[in-house]
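The block underneath contains the structure these notes are about, expressed in C-alpha cells.
Values in this text are rule-based calculations from the coordinates and carry no lab data. In this text the structure is predicted, and so the values were computed from the model without any measurement. A quick note on method: Cβ atoms are made from the backbone with ideal geometry, for glycine too, and the neighbour counts reach across all protein chains shown.
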C-alpha cells in the first residue's frame, strides 16, 4: 500500500512538473507576456485533468481556467528584476524580487485554477463577482503599492510599471470572498492550490534566478549560455510539481462521487455528447473568432491610446480614465471574457483553451517570418499565416472534441503543435543550421540545447499522458 501511495504522489508531481517545464520554456521562446503564459497554463490544467480523470466537459472548462490562471501572472514585468541578479551589489534584492513575483504568480494561478476544478459548484453570479473583485483589488493594489513604487523591484533609472502588488491584493481579495461563498471542502481545495502555487512559484522563480547569478560569475569561455532558459525551465518544473501535489492532496474532494454515480454521469454525458455533435460547427468557430478578436486585438486597439494619452497628465478625469483603461486592457479582464464565453457557449471551451493558445504562438511566429515594414503585403502575409495555421489546429480541436480520449488528445495536440512552432522559429533563422566547425559540446550545450529540452520533455510528457494511470481504481475506491 505504501508503494502504491508513493507511486501516486510521484505521478502527480512528475507529470505536471515536466509538462509545465516544457510549457514555460515554450512561453519564453514562442510567445511572451500573459498570452505566452497561456501555453503552460493550458498544458498544466489538461495534465491535471488527465491525472484526476476529470470528465471531458469539465476538463475543457478547467483548461480555460488554467489559461487564465497562469496567463494572469504574465502581466508582471521581471526583466529588470533579473538584471539585478547579475550584479553582486543587487543580487539579493533581485532574488527577493523574483521570489515575491513568483509567489504572487503561483498564488493567483492557484486560486483561479482551483475555481476551474470547482466550476460546477459555483453559481454564475459567484464567478462574475470573483472576477470583478479581482479587478477592483488589482486597481487598489496598483494605486497603493505599484504606482507609488513603495516596494520596487525594477530599475528606478529606467522605471517600468510593476503589477505584482496589484495581483497580490486582487488575489487576497478573491480568496477572502471565496472563503465566505464556498463550503469547507471546496475552500480546502482552493487554499491548497493557492498555498502550493505561492510556495512553488516563490521557490521556482527564486531558485531559478540563481542560474542567472551563476552565468554572470563564469568566464566567457564557458560554452553553455542559456542561463535565462535554465531559469524558465526551473521555474516551470518546480511550480508544476507543487500544483501537482495540490491536485494529489485534493484528488478526493475535487470529484466526490461514488462508482454508481460515475456510471450515471457517463450515460448522461453520452447523451450530452450526442447533442453536442448536433451543434452547428460554425457557432464554435464564431465564438472562438470573436473571443480571439476581442482579447488579441480589439481591446488593445480601443484602450491603449487612452493609456498612452494619460501618461504624465495630472488632470483628475484623465487619470481616472487611464486607470480604468489599464484595468480593462489587463489580462484579468481578458480572462473574464474567456470565462464568459465558456459559461454561455460551453462547446467553445476546448477551442479557447487550445486553438487560441496556439493562435498567439503563430502571431508571434508571423512577426519573425515576415519582418520589415508594416506594409499591406506584409500585414496580409502575416494574417494569412496566422489564419491558416490556427484554422488547422482549430479543425483538429473540433475533430478530437467529438471522439474518444478527448483529454489526452487535446493535450497531445497542444504539446506537439506548440513544439512544432518552436522548431519552425528555429529553422526560420538560417544561421542556426550552420554547424560546420562546431564541436559536439557546442552543438549540444549551445546551439541545440533549448530545442533538445523541448523535444525530450515533450516525449516524456507524451508517454506520461498515454500511460494508463494504474492508481485510478484505488482513488475511486477512496470515494
(message) Which of 114, 10 has the fewest other C-beta atoms within 10 Å, and how do the rest follow up to the most?
(response) 10, 114
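Set the Förster radius R0 to 35 Å, insert the Cβ-Cβ distance between residue 150 and residue 344 as r into 1/(1 + (r/R0)^6), and round the FRET efficiency to 0.05. List each step's numbers first, then the result.
Numbers: r = 40 Å, r/R0 = 1.15.
Efficiency at R0 = 35 Å is approximately 0.30.
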(request) Would you mind ranking 198, 20 so that the residue whose beta carbon has the fewest other beta carbons within 10 Å leads the list? (result) 198, 20
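To the nearest 0.05, what FRET efficiency results for residue 96 and residue 367 with a Förster distance of 35 Å applied to their C-beta separation? Mind dumping the intermediate values first?
Numbers: r = 34 Å, r/R0 = 0.98.
The computed FRET efficiency comes out at 0.55.
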(request) Report the full-extension gain for the segment residue 252 to residue 324: residue separation times 0.36 nm, less the Cα-Cα distance, to one decimal in nm. (result) 21.8 nm
(request) Report the relative contact order of the chain, percent, no decimals, based on alpha-carbon pairs under 8 angstrom and at least 6 residues apart. (result) 23 percent
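Given the rule -39500 (n - 2.57) for each run of at least 4 DSSP H residues, summed and divided by the residues of the chain, what is its mean residue ellipticity at 222 nm, to the nearest 500 deg cm²/dmol?
On the way: 22 runs with 353 residues, N = 479.
So the helix-based figure for the chain works out to -24500 deg cm²/dmol.
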(message) Tell me the label only: which of (i) 58, 51, 48; (ii) 63, 62, 52; (iii) 70, 67, 43 is Cα extents along the principal axes in Å as calculated from this structure?
(response) (ii)
(request) Any chance you could list P(r) for segment 102-228, counting all Cα-Cα pairs in 5 angstrom bins from zero, rounded to whole %? (result) 2, 11, 16, 17, 16, 13, 10, 7, 5, 3, 1, 1
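Order these by the 10 Å Cβ neighbour count, fewest first: 47, 436, 216, 250.
Ordered from fewest to most neighbouring Cβ atoms within 10 Å, 47, 436, 216, 250 come out as 436, 216, 250, 47.
Order the peptides 323-333, 53-63, 36-46 from the highest to the lowest mean number of other Cβ atoms within 10 Å of their residues.
Numbers: 323-333: 19.5, 53-63: 23.2, 36-46: 31.0.
Top to bottom by mean Cβ count within 10 Å: 36-46, 53-63, 323-333.
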(message) Compute the orientation-averaged projected area for segment 29-102 from the convex hull of its Cα atoms and round it to one decimal in nm².
(response) 5.8 nm²
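Which order do the peptides 122-130, 423-431 come out in when sorted by mean C-beta neighbours inside 10 angstrom, highest first? Don't jump to the answer; show the numbers that get you there.
Numbers: 122-130: 14.4, 423-431: 12.0.
Result, highest mean first: 122-130, 423-431.
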